[in-house]
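The values are calculated or read from the model by the stated rules, or taken from the named source; none is laboratory data. Computed from a predicted structure; not experimentally measured. We place every Cβ from the backbone using ideal geometry, glycine too, and count neighbours over all the protein chains shown.
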Amino acid sequence: MSEFDYDLFVIGAGSGGVRAARNAAATGARVAVAEDRYLGGTCVNVGCVPKKLYSYAAHFHEAFEDAGGFGWRLPAAPEFDWATLRDNKIGEIKRLNGIYGRLLDNAGVRLINGRAKVLDPHHVSVAGETVSAEKILVAVGGWPWVPDFPGKELTVDSNRVFDLDAFPERFLVLGGGYIAVEFASIFNGLGSDTHLVYRGELFLRGFDREVREFTRDEMAKKGVNLHFETNIEAIEKVEGGLKVTLTNGETLEVDAVLAATGRRPHLEGLGLDQFDLATNPDGSLAVNERFETSIPSLLALGDVTGGPELTPVALAEAMQMVAHHFGDTTPEPLDYSRIATAVFCHPNIGTVGLSEEQARERYGAIRVYTEDFRPMKHTLSGSSERCLMKLIVDDESDVVVGAHMVGEEAGEVIQGIAIAVRAGLTKAQFDQTVGIHPTGAEEFVTMRTPARR
Ligand code: NDP
């Protein structure tokens, strides 16, 4: 019999924590999870899931406009009711919270409601109890971070934006990352007069330059007011709204300001300061390939370790961690290269592998194939929305090293292409693939002439 109450004690019931707990329990391990907020973590409660639901809501706006060219006459101008969307979303998230609870229960995992504090490498205190465990997993995720400026307290962050009491007719987003472009698109689509303020010359730093420029142009066409190379200097309350002063001297009056300026590891109150654990330059916990921190019984994974902050990455890390610590064989190390991702701005971005800029740096010679076209649907809809598809090929090996798309359902398309890129297929093999007609995605197997080298 083990000297510990549990084989694994998980702090945080988000995507990574729940998957780790369930999979460890399935190996016969005795597992408990502590959670002080909501089951399912950021993704289920204030991230991927509600964001996608709101993105669907925002797309209806265009669908109504597009319908006319196909013969549909809407009886009256459609009206949007924020409270219906928000409250239906709340109901759906409650349902998912319940599913997460049942998943843990069915796996035989004990769920403790409370914020756990690590007392020593094998003990935590939680909800008035002291519990011992052979291994303690820190899977607490991240938390929105907002820079200091006068009036910072008047902003909302991505945890709160979903549940605003009133619909913001005038909306401003600060930032140029995933959350900023997604919420600018969502509120613009829902009908807000929307502004995006970003300190750099072009948002989505790190993405393929052509993808960023194309997205900028499409979002501007849809009516998002883009303010680049400026920042918020101050926000003050004024009659009927908020006055936002930008560093370029411009002022804007809006109803809500979303600060989407990044996320930080959510380590407060966990008691980890006492251990002087090794950290990465961004303050996240440094771990080895077995997900051990510098104290081997303290494990960590997901957003708190500063890797790609994506749910599927946390899930993969959880399964990997369980294989290392509770499995029979040592698994192959996780491959963090060529992880596909989507940004649910409008139109969506889907991307896997290298940007053109990264490929130019890494390879001697590359070929770049691009298609910039009007999707068939918009020949009748009257919409001016265009679609960009792009393949980047290492000229020497002919391997496709990057695939990018900006357009409707880009994430759905790139998920399939990602398997081919992950498998290291060549451009010749893409070309041998017979397309599906008529689709937009068939362009990925019909691009024959490089746009440039
Ligand atoms: P990001 O790190 O992606 O972006 C933060 C943005 O804030 C950047 O544009 C950054 O500018 C800007 N910024 C940082 N500091 C300041 C400052 N002091 N003043 C003004 N601007 C500032 O964070 P997000 O909050 O957008 O999202 C967090 C993470 O969550 C993402 O990186 C992603 O991994 C994940 N996520 C994934 C989604 C998906 O898969 N679809 C959706 C949403 C989030 P600069 O570029 O100049 O540094």
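When you go through Ala260, Ala220 one by one, which is the residue that is within 14 Å of the ligand (Cβ to nearest atom) and among the hydrophobic types (A, V, I, L, M, F, W, C)? I'd like the intermediate steps shown before the answer.
On the way: Ala220 fails: within 14 Å of the ligand (Cβ to nearest atom).
Going through Ala260, Ala220 in turn, the sole match is Ala260.
Can Arg160 be described as basic (Lys, Arg) and more than 28 Å from Ala410 (Cα to Cα)?
no
Report whether or not Ala107 is in contact with a Phe, Trp or Tyr (Cβ under 8 Å, 6 or more places away or on another chain) and touching a residue at least 24 places away in the same chain (Cβ under 8 Å).
no
Can you pull out every residue in region 296-311 that is under 26 Å from Val343 (Cβ atoms), in a loop (DSSP other than H, G, I, E, B) and either among the polar types (S, T, N, Q) or more than 14 Å from the ligand (Cβ to nearest atom) (or both)?
Leu301
Just checking, how many residues over region 4-28 are surrounded by 22 or more Cβ atoms within 10 Å (Cβ to Cβ) and either modelled with pLDDT under 95 or aliphatic (A, V, I, L, M) (or both)?
Matching residues across region 4-28 total 9.
Please determine, by comparing only the residues of region 136-160 that are more than 18 Å from Gly14 (Cα to Cα) and outside any loop (DSSP other than H, G, I, E, B), which one is nearest to the ligand (Cβ to nearest atom).
Only one residue fits best here, namely Lys152.
Picking from Leu242, Leu270, Leu202, which residue would you name as being within 16 Å of the ligand (Cβ to nearest atom) and hydrophobic (A, V, I, L, M, F, W, C)?
That would be Leu202, the only listed residue that is within 16 Å of the ligand (Cβ to nearest atom) and hydrophobic (A, V, I, L, M, F, W, C).
Kindly check whether there is at least one residue in region 113-131 that is among the β-branched types (Val, Ile, Thr) and within 16 Å of the ligand (Cβ to nearest atom).
Going residue by residue through region 113-131, those that are among the β-branched types (Val, Ile, Thr) are 118, 124, 126, 130-131.
Those left that are additionally within 16 Å of the ligand (Cβ to nearest atom): none.
For region 113-131, residues among the β-branched types (Val, Ile, Thr) and within 16 Å of the ligand (Cβ to nearest atom): absent.
Being crowded, with 17+ Cβ neighbours inside 10 Å and either free of Cβ contacts under 8 Å to residues at least 40 places away in the same chain or β-branched (Val, Ile, Thr) (or both) is the filter here, so list the residues in region 244-275 that pass it.
Those that are crowded, with 17+ Cβ neighbours inside 10 Å and either free of Cβ contacts under 8 Å to residues at least 40 places away in the same chain or β-branched (Val, Ile, Thr) (or both): Val244, Thr245, Val254, Val257, Thr261.
Using the structure shown, decide if Met321 is crowded, with 22+ Cβ neighbours inside 10 Å, away from the ligand (no atom under 16 Å from the Cβ) and not in a strand (DSSP E or B).
On the way: crowded, with 22+ Cβ neighbours inside 10 Å: yes; away from the ligand (no atom under 16 Å from the Cβ): yes; not in a strand (DSSP E or B): yes.
Yes; evaluated as a whole, the condition is true for this residue.
Can you pull out the residues in region 182-199 that are touching a helix residue (DSSP H, G or I) at 6+ places or on another chain (Cβ under 8 Å) and near the ligand (Cβ under 8 Å from one of its atoms)?
Glu182, Tyr198
Okay, residues lined up against (1) more than 23 Å from Asp81 (Cα to Cα); (2) away from the ligand (no atom under 13 Å from the Cβ); (3) without any contact (Cβ under 8 Å) to a residue 40 or more places away in the chain; (4) assigned to a loop (DSSP other than H, G, I, E, B):
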| residue | (1), (2), (3), (4) |
| --- | --- |
| Ala13 | yes, yes, no, yes |
| Arg19 | yes, yes, no, no |
| Val33 | yes, yes, no, no |
| Val44 | no, yes, no, no |
| Tyr54 | no, no, no, no |
| Ala58 | no, yes, no, no |
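Given the conditions (1) under 30 Å from Ala441 (Cβ atoms); (2) touching a residue at least 24 places away in the same chain (Cβ under 8 Å); (3) of a type outside the set (Asp, Glu), report the number of the one that Ala318 does not fulfil.
Against the list (1) under 30 Å from Ala441 (Cβ atoms); (2) touching a residue at least 24 places away in the same chain (Cβ under 8 Å); (3) of a type outside the set (Asp, Glu), Ala318 comes up short only on (1).
Given the structure, is Val109 over 19 Å from Ala259 (Cβ atoms) and either within 16 Å of the ligand (Cβ to nearest atom) or touching a Lys or Arg at 6+ places or on another chain (Cβ under 9 Å) (or both)?
yes
Name the residues in region 276-295 that are touching a residue at least 24 places away in the same chain (Cβ under 8 Å) and either more than 16 Å from the ligand (Cβ to nearest atom) or closer than 13 Å to Lys135 by Cα (or both), would you? Full working, then the answer.
Quick first cut of region 276-295, residues touching a residue at least 24 places away in the same chain (Cβ under 8 Å) only: 280, 282, 285, 289-291, 293, 295.
Across region 276-295, the qualifying residues are Leu285, Glu289, Arg290, Phe291, Thr293, Ile295.
Mind checking which pairs have a first residue in region 332-352 that is touching a residue at least 40 places away in the same chain (Cβ under 8 Å) and more than 10 Å from the ligand (Cβ to nearest atom) and a second that is among the basic types (Lys, Arg) and in a loop (DSSP other than H, G, I, E, B), Cβ under 9 Å, 6 or more apart or different chains?
Between residues of region 332-352 that are touching a residue at least 40 places away in the same chain (Cβ under 8 Å) and more than 10 Å from the ligand (Cβ to nearest atom) and residues that are among the basic types (Lys, Arg) and in a loop (DSSP other than H, G, I, E, B), the close pairs are His346/Lys222; Pro347/Lys222; Pro347/Arg386; Val352/Arg338.
Could you look through region 169-178, keep only residues that are more than 14 Å from Arg263 (Cβ to Cβ) and surrounded by fewer than 23 Cβ atoms within 10 Å (Cβ to Cβ), and pick out the one that is nearest to the ligand (Cβ to nearest atom)?
Checking each candidate, the answer is Arg170.
Got a sec? Which strands (runs of 3 or more DSSP E) wholly within region 172-283 have at least 1 residues that are basic (Lys, Arg)?
232-238, 241-246, 263-265
Test Thr311 against the stated conditions and say whether it is within 27 Å of Tyr178 (Cβ to Cβ) and surrounded by 20 or more Cβ atoms within 10 Å (Cβ to Cβ). Please lay out each step first, then the result.
Working: within 27 Å of Tyr178 (Cβ to Cβ): yes; surrounded by 20 or more Cβ atoms within 10 Å (Cβ to Cβ): yes.
It is true that Thr311 is within 27 Å of Tyr178 (Cβ to Cβ) and surrounded by 20 or more Cβ atoms within 10 Å (Cβ to Cβ).
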